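Asker: Structure below; questions to follow.
The values are calculated or read from the model by the stated rules, or taken from the named source; none is laboratory data. These figures come from a predicted structure and were not determined experimentally. Ideal geometry is used to build each Cβ from the backbone, glycine not excepted, and the neighbour counts take in all protein chains shown.
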Amino acid sequence: MIAKDRKKRRVVMQLMQKVVFLPALIALLQPISSFGQSCSVSLETLGSLSKSNNIVFSEDGSVGYVAAYKEVDGQPGHSVYSFDTSSGNIISRLDTLPSGIYPTRLELSRSGTLLVSARAVEDNGAAFVIVPTANGLFDESRRVTLSIAVPKLESEESIPDKVAITSDGLYGIYSNKVALIMFSLKTGQVLFYEELVGAGEYAVDHKIQSLSCDLVRNRVAVVLRRAEEYKLLIYTVQDATLAFERILTLPEPMSEGSTVAISATKVTLAFSGTGNVVSYEIATGQEISRTLIEELKAAPALIVKHSLSDDEVVYIQRPGHGKKGKGAALAVIDSVKTQVFQINESLIDAAILNRKAIVLMPTRLRVYDLDGGEHSEHRLSQQCLNFSLGRDGLAGIVTERSVELVDLD
């Protein structure tokens with residue numbers, strides 16, 4: 001359980017209504033009282049964020065980065081900000097123009113290379129802005145950009161923004177729904193491109209449905225759908241390419257919300273709707289475990305997060321439905337037991353940290369002790385969209401117009 005006297009920090013940043021130069025833009029910071037108590041925070045102006053925007057932190061947790069999905073005048077966003085996590089001061093601003101607009105997902109390598117996922121200005125495909133950073137400053141002299149075409153149906157409004165950085169910080173990995181792609185973060189050059197869906201064949205039921213990465217272990221997995229047949233393809237990062245390792249034909253549909261996680265020796269799949277969580281041994285392709293979680297079975301059972309932490313804890317999130325999040329639950333599977341936490345409120349996001357399950361609800365942050373202790377709760381002042389965890393236990397919570405930081409360690 002998080003101690004009552006643990007200090008928290010809340011940083012709220014907003015962009016000024018009339019912006020010409022931003023070197024002195026300051027985000028006001030006020031300390032939060034003990035965990036679970038409320039406090040007021042004074043705000044300046046920041047454009048607006050979306051549920052796809054995330055926060056990333058430097059290796060030591062002293063600097064955070066966030067992108068604005070829209071500018072203060074409502075125009076497409078093109079700004080990425082670095083900020084000091086102790087003072088709340090804006091350090092620097094990166095402009096994603098002329099390459100990309102509507103920046104969403106950020107990834108930061110351990111060496112400080114920032115990878116920004118955005119929408120291409122000209123062809124509505126994916127655009128990536130890659131720039132080294134140091135102490136929150138952007139090294140524009142070494143900035144590179146890359147655009148990747150993304151097929152799009154009339155019924156589709158968004159493009160994939162999930163991108164990953166290899167553990168050595170040298171390469172980025174992305175899927176545009178028809179191909180698996182790896183590119184250099186130094187030059188922006190595409191080094192690996194494997195087309196899994198042929199030209200002109202892309203359809204709602206014929207595409208790469210998901211991309212999952214565990215780049216600590218240098219593995220990548222994609223779910224390929226062809227009509228009602230689903231295959232899982234596993235690759236290993238080797239030097240400057242992706243080496244094919246194994247293909248699995250899945251026993252049931254990977255319907256929307258189903259997810260994949262990879263560990264050192266196995267791959268685990270959570271099947272949305274059925275409640276099945278199945279693990280396969282990568283070396284042989286054999287099924288090694290199967291768990292049915294009834295609480296994840298009832299429709300609509302959209303599983304939106306599932307991954308493996310260092311100690312092999314699997315966590316699966318069901319957000320619930322309706323305004324009150326009816327049926328929301330978090331299932332946690334480890335080597336000892338399976339636990340299901342009934343949330344009784346819309347579940348926005350979740351994560352595992354040091355044997356604690358951290359759950360984000362619209363206006364509350366709740367922490368469950370996986371070893372049976374009491375849970376702690378902190379009420380938030382604004383509606384939340386998502387959150388990210390830094391390596392030092394710092395949680396960055398995204399609202400529509402703010403970034404709030406809470407120290408969980």
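Asker: Applying the selection to the range 226-239, what residues are surrounded by 11 or more Cβ atoms within 10 Å (Cβ to Cβ) and acidic (Asp, Glu)?
Answerer: Of everything in the range 226-239, just one residue is surrounded by 11 or more Cβ atoms within 10 Å (Cβ to Cβ) and acidic (Asp, Glu), namely 229.
Asker: Right, another one. For the range 359-372, what are the residues that are hydrophobic (A, V, I, L, M, F, W, C), crowded, with 20+ Cβ neighbours inside 10 Å and more than 20 Å from residue 257 (Cα to Cα)? Lay out the reasoning, then the answer.
Answerer: At the first step, the residues of the range 359-372 found to be hydrophobic (A, V, I, L, M, F, W, C) are 359-361, 365, 367, 370.
Next, from what is left, pick out any that are crowded, with 20+ Cβ neighbours inside 10 Å: 359-361, 365, 367.
365, 367, listed by residue number.
Asker: What number of residues within the range 87-120 are at pLDDT 95 or above, surrounded by fewer than 20 Cβ atoms within 10 Å (Cβ to Cβ) and either aromatic (Phe, Trp, Tyr) or in contact with an Asp or Glu (Cβ under 8 Å, 6 or more places away or on another chain) (or both)?
Answerer: Within the range 87-120, residues that are at pLDDT 95 or above, surrounded by fewer than 20 Cβ atoms within 10 Å (Cβ to Cβ) and either aromatic (Phe, Trp, Tyr) or in contact with an Asp or Glu (Cβ under 8 Å, 6 or more places away or on another chain) (or both) number 2.
Asker: Which of the residues belonging to the range 131-161 are among the charged types (D, E, K, R) and either over 20 Å from the mean Cα position of the chain (by Cα) or closer than 20 Å to residue 95 by Cα (or both)?
Answerer: Of the range 131-161, the ones among the charged types (D, E, K, R) are 139-140, 142-143, 152, 154, 156-157, 161.
If the condition is that a residue be among the charged types (D, E, K, R) and either over 20 Å from the mean Cα position of the chain (by Cα) or closer than 20 Å to residue 95 by Cα (or both), then 139, 140, 142, 143, 152, 154, 156, 161 are the ones that fit.
Asker: For the range 178-188, which residues satisfy the criterion of being part of a loop (DSSP other than H, G, I, E, B) and more than 21 Å from residue 152 (Cα to Cα)? Walk me through how you get there before you give the answer.
Answerer: First pass over the range 178-188, keeping only residues part of a loop (DSSP other than H, G, I, E, B): 178, 185-188.
185, 186, 187, 188, listed by residue number.
Asker: Considering the range 185-211 alone, what residues qualify as being among the β-branched types (Val, Ile, Thr), surrounded by 14 or more Cβ atoms within 10 Å (Cβ to Cβ) and under 17 Å from residue 258 (Cα atoms)?
Answerer: As a first pass, look at the range 185-211 and keep what is among the β-branched types (Val, Ile, Thr): 187, 190, 197, 204, 208.
Next, from what is left, pick out any that are surrounded by 14 or more Cβ atoms within 10 Å (Cβ to Cβ): 190, 197, 208.
Matches in the range 185-211: 208 only.
Asker: Would it be correct to say that residue 214 is among the acidic types (Asp, Glu), surrounded by 15 or more Cβ atoms within 10 Å (Cβ to Cβ) and under 28 Å from residue 156 (Cβ atoms)? First the steps, then the outcome.
Answerer: Numbers: among the acidic types (Asp, Glu): yes; surrounded by 15 or more Cβ atoms within 10 Å (Cβ to Cβ): yes; under 28 Å from residue 156 (Cβ atoms): yes.
Yes: the conditions hold for residue 214.
Asker: Out of all the residues in the range 339-352, which are surrounded by fewer than 15 Cβ atoms within 10 Å (Cβ to Cβ) and either touching a residue at least 40 places away in the same chain (Cβ under 8 Å) or in contact with a His (Cβ under 6 Å, 6 or more places away or on another chain) (or both)? Walk me through how you get there before you give the answer.
Answerer: Within the range 339-352, the subset surrounded by fewer than 15 Cβ atoms within 10 Å (Cβ to Cβ) is 342, 344.
The one that is surrounded by fewer than 15 Cβ atoms within 10 Å (Cβ to Cβ) and either touching a residue at least 40 places away in the same chain (Cβ under 8 Å) or in contact with a His (Cβ under 6 Å, 6 or more places away or on another chain) (or both): 342.
Asker: Given (1) crowded, with 23+ Cβ neighbours inside 10 Å; (2) without any contact (Cβ under 8 Å) to a residue 60 or more places away in the chain, identify the lone condition not met by residue 128.
Answerer: (2)
Asker: Restricting the range 240-262 to residues that are crowded, with 19+ Cβ neighbours inside 10 Å and polar (S, T, N, Q), which is farthest from residue 180 (Cα to Cα)?
Answerer: By that ranking, first place goes to 258.
Asker: Need the failing condition index for residue 244 against (1) in contact with a helix residue (DSSP H, G or I) (Cβ under 7 Å, 6 or more places away or on another chain); (2) without any contact (Cβ under 8 Å) to a residue 12 or more places away in the chain, just the number.
Answerer: Tallying (1) in contact with a helix residue (DSSP H, G or I) (Cβ under 7 Å, 6 or more places away or on another chain); (2) without any contact (Cβ under 8 Å) to a residue 12 or more places away in the chain, residue 244 fails exactly one: (1).
Asker: Also: Tell me which of these residue 368 doesn't satisfy, since it passes every other one: (1) outside any loop (DSSP other than H, G, I, E, B); (2) under 19 Å from the mean Cα position of the chain (by Cα).
Answerer: (2)
Asker: Same structure again: Which numbered condition in (1) out of contact with any helix residue (DSSP H, G or I) (no Cβ under 9 Å at 6 or more places or on another chain); (2) at pLDDT below 75; (3) under 27 Å from residue 266 (Cβ atoms) is the only one that residue 392 fails?
Answerer: Failing condition for residue 392: (3).
Asker: Scan (1) in a strand (DSSP E or B); (2) more than 30 Å from residue 368 (Cβ to Cβ); (3) at pLDDT below 90; (4) among the polar types (S, T, N, Q) for the single condition residue 79 breaks and write down its number.
Answerer: Answer for residue 79: the failing condition is (3).
Asker: Which of (1) at pLDDT 80 or above; (2) crowded, with 20+ Cβ neighbours inside 10 Å does residue 375 not meet, given it meets every other one?
Answerer: Condition not satisfied by residue 375: (2).
Asker: Do any strands (runs of 3 or more DSSP E) entirely within the range 189-285 hold 3 or more residues that are closer than 22 Å to residue 295 by Cα and in contact with a strand residue (DSSP E or B) (Cβ under 6 Å, 6 or more places away or on another chain), and if so, which?
Answerer: Values: elements: 190-195, 206-214, 219-226, 229-238, 241-249, 259-262, 266-270, 276-281.
Correct list: 259-262, 266-270, 276-281.
Asker: Within the range 65-75, how many residues turn out to be free of Cβ contacts under 8 Å to residues at least 40 places away in the same chain and either closer than 17 Å to residue 127 by Cβ or assigned to a strand (DSSP E or B) (or both)? Talk me through it step by step, then tell me what you get.
Answerer: Going through the range 65-75, the residues free of Cβ contacts under 8 Å to residues at least 40 places away in the same chain turn out to be 69-70, 73-75.
Applying the additional criterion that residues be either closer than 17 Å to residue 127 by Cβ or assigned to a strand (DSSP E or B) (or both) yields 69-70, 75.
Total meeting the criteria: 3.
Asker: Let me ask another. Could you check the range 95-128 and list, in sequence order, the residues that are in a loop (DSSP other than H, G, I, E, B), of a type in the set (S, T, N, Q) and within 17 Å of residue 167 (Cβ to Cβ)? Break it down into steps so the answer makes sense when it comes.
Answerer: The initial filter retains those residues of the range 95-128 that are in a loop (DSSP other than H, G, I, E, B), namely 96-99, 102-105, 109-112, 121-125.
Those left that are additionally of a type in the set (S, T, N, Q): 96, 99, 104, 109, 111, 124.
Result: 109, 111.
Asker: Report, by residue number, each residue of the range 121-152 that is modelled with pLDDT of 95 or more, within 18 Å of residue 105 (Cβ to Cβ) and of a type in the set (Gly, Ala, Ser).
Answerer: Those that are modelled with pLDDT of 95 or more, within 18 Å of residue 105 (Cβ to Cβ) and of a type in the set (Gly, Ala, Ser): 126, 127, 147.
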